[in-house]
Amino acid sequence: MVQEPTLFIDLNALAHNFGVLKQKLNTDTKFLAVVKASSYGHAPGVVAQKLVDLGVDYFGVAYALEGAELRAAGIKKPILLLHPMAAHFDQILEQNLEPSLYSVYLMRLWIDFLESKNITDYPVHIKFNSGLNRLGIALAEIPEIVSAINGTNSLKICSVFSHLGASDDPNAEEFTRDQIARYISFYNTFTQKMRDNNPEFIIPWRHLCNTSGVLNYPEAQYDMVRCGIGLYGYGNDSKHDRLLRPVAQLKAPILQIHHVSAGQSVGYNHGFIAEQPTVIASLPLGHADGLHRIFGKKNGCVWIHNQPAHILGNVCMDMLMVDVTNIPCKPGDTAVIFDQQHGAQNLAEGAGTISYELLTGLSKRIKRSFLSE
Ligand SMILES: *Cc1c(COP(=O)(O)O)cnc(C)c1O
């Protein structure tokens, strides 16, 4: 029974998933837990603290603000800032975040900023564009970054990394193998050039794999891996999903039941018109909660007494209506939007999206409740 929409967060499942991912790794491979977007919609502080207790080495976030949230929650571990922007340089420094330098432009701005503050040996990570064509430095830009790095004492190069674009797709193995090869060639060329100039240059770590990289290409784990979705229980493939346990379960109470007759409509703009007498349950979750309109018009279903109830018509801002014609139920009964049995990936896939989007879209106004032991 739930009295309001609640996202239950099972910290034991988090521990289980961490264990599953760790099992794929050599004992000395470091583990960076990706906790961007409020830990993929879960709840940043508590999840990160649990991950510290479990033994993660590093955290990764997208925005400086997210790094500041972790620091405010008492997290002392190093934090890699994946997508830094010049507007946040002061905050990066204040919160002791380690920026990814993904372009020559950003690298120059960051060096100027550090030099203006007389800061030396600030930890940074070089990001290579191995084929995703999102953020990253090109192979041809190595001479420029080497001279920029050699021209300053403000940087300490901790790692050189890249990001896989299709590690979850078995049909894209050739593309992924190419990315791996391009990454290693960038890494070798860069470190060789740095060493030519300075034999004391400390060899940076290598990291490339996200969750699907770890699960499908464990041989490319190198010195560290960066896992997000797997920690939260999704492996982008049913064979991996079986080993993992969804951390989040979203439930909501039925607020009201309506009996509509043939010809009557349900929701805004007559989004559903009953062809026969139909029983409707209204649930207090809507597009403002991250249950997007795409889930309406029977693209999604929820589970009431373990039976599927399709979402009818248009999802409203705060509310959605489901078909319970064949499900005996009453106000106060619980509707499961997703849980360990009915995973978020199924709901997401039915509407043409992915677990990542569904989870990270869940709004702050949904109550979070933690389950452990
Ligand atoms: C989000 C992100 C990850 C985590 O990916 P998952 O598929 O959730 O494991 C890793 N690396 C980078 C650069 C990312 O942006």
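At a glance:
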{"item": "Spatially proximal aspartates and glutamates relative to K364 (Cα-Cα < 19 Å; intrachain offsets below 8 disregarded)", "result": "E4, D10, E66, E69, D289, D318, D339"}
{"item": "Descending Cα extents along the principal axes, the stretch 109-157, whole Å", "result": "36, 18, 16"}
{"item": "Distance between the stretch 294-373 and the stretch 210-259 - C-alpha centres, whole angstrom", "result": "17 Å"}
{"item": "The chain, relative contact order [Cα under 8 Å, separation at least 6], %", "result": "20 percent"}
{"item": "Exposure proxy ranking, count of Cβ atoms within 10 Å, fewest first, for T325, T360", "result": "T325, T360"}
{"item": "Most positive-pole-ward Cα, L65, I366, G352, against dipole of the chain from beta carbon charges", "result": "I366"}
{"item": "Sites matching trypsin sites (Lys or Arg not before Pro) across the stretch 94-137 that sit in DSSP coil, with at most 13 neighbouring C-beta atoms within 10 Å", "result": "K117, R134"}
{"item": "Equivalent ellipsoid semi-axes, the stretch 11-233, via Cα gyration tensor eigenvalues times 5, rooted, Å", "result": "27, 23, 14"}
{"item": "Selection from G228, N133, L81, by position along the positive dipole direction of the stretch 11-233 (Cβ)", "result": "G228"}
{"item": "Order of W205, W303 - criterion: other Cβ atoms within 10 Å of each residue's Cβ, fewest first", "result": "W205, W303"}
{"item": "Size of electric dipole in the chain: Cβ of Lys, Arg +1 and of Asp, Glu -1, about Cα centre, debye, nearest 20", "result": "320 debye"}
{"item": "Under the Debye formula (equal points on every Cα, no solvent term), log10 I(q)/I(0) of the stretch 174-243 at q = 0.13, 0.14 Å⁻¹", "result": "-0.48, -0.54"}
{"item": "Value in Å of the Kirkwood radius, where the stretch 1-84 supplies the Cα pairs that are averaged", "result": "13.6 Å"}
{"item": "Residue-averaged [θ]222 nm for the chain, counting only DSSP H segments that reach four residues, each worth -39500 (n - 2.57)", "result": "-9000 deg cm²/dmol"}
{"item": "Kirkwood Rh and Cα Rg combined as Rg over Rh, evaluated for the stretch 248-371", "result": "0.95"}
{"item": "The stretch 174-208 versus the stretch 64-123: alpha-carbon centroid distance in Å", "result": "23 Å"}
{"item": "P(r), alpha carbons of the chain - 10 Å bins starting at zero, rounded %", "result": "5, 22, 27, 21, 14, 7, 3, 1, 0"}
{"item": "Pairs from K36/K251; K24/K127; K24/K297 whose Cα-Cα separation, in the structure shown, is over 32 Å", "result": "K24/K297"}
{"item": "Computed Rg/Rh of the stretch 203-263, alpha carbon atoms with Kirkwood Rh", "result": "1.38"}
{"item": "Extreme residue, positive dipole direction of the stretch 11-233, given options L97, L114, F186 (C-beta unit charges)", "result": "L97"}
{"item": "Dipole magnitude (debye, nearest 20) for the stretch 143-291, charges at Cβ of Lys, Arg, Asp, Glu", "result": "380 debye"}
{"item": "At 0.890 mPa s and 25 °C, Stokes diffusion of the stretch 242-314 via Kirkwood alpha-carbon radius, µm² per second", "result": "181 µm²/s"}
{"item": "Cα-centred dipole magnitude for the stretch 1-151, charges only on beta-carbon of K, R (+1) and D, E (-1), debye, nearest 20", "result": "340 debye"}
{"item": "Dimensions in Å of the stretch 42-163 - Rg and Dmax from alpha carbons", "result": "14.7, 43"}
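Laboratory data are not the source of any read-out in this text; all were calculated from the coordinates shown. Remember, predicted model here, so these are calculated numbers, not experimental data. Using ideal geometry, Cβ is built from the backbone for each residue, glycine included, and neighbour counts are taken over all protein chains shown.
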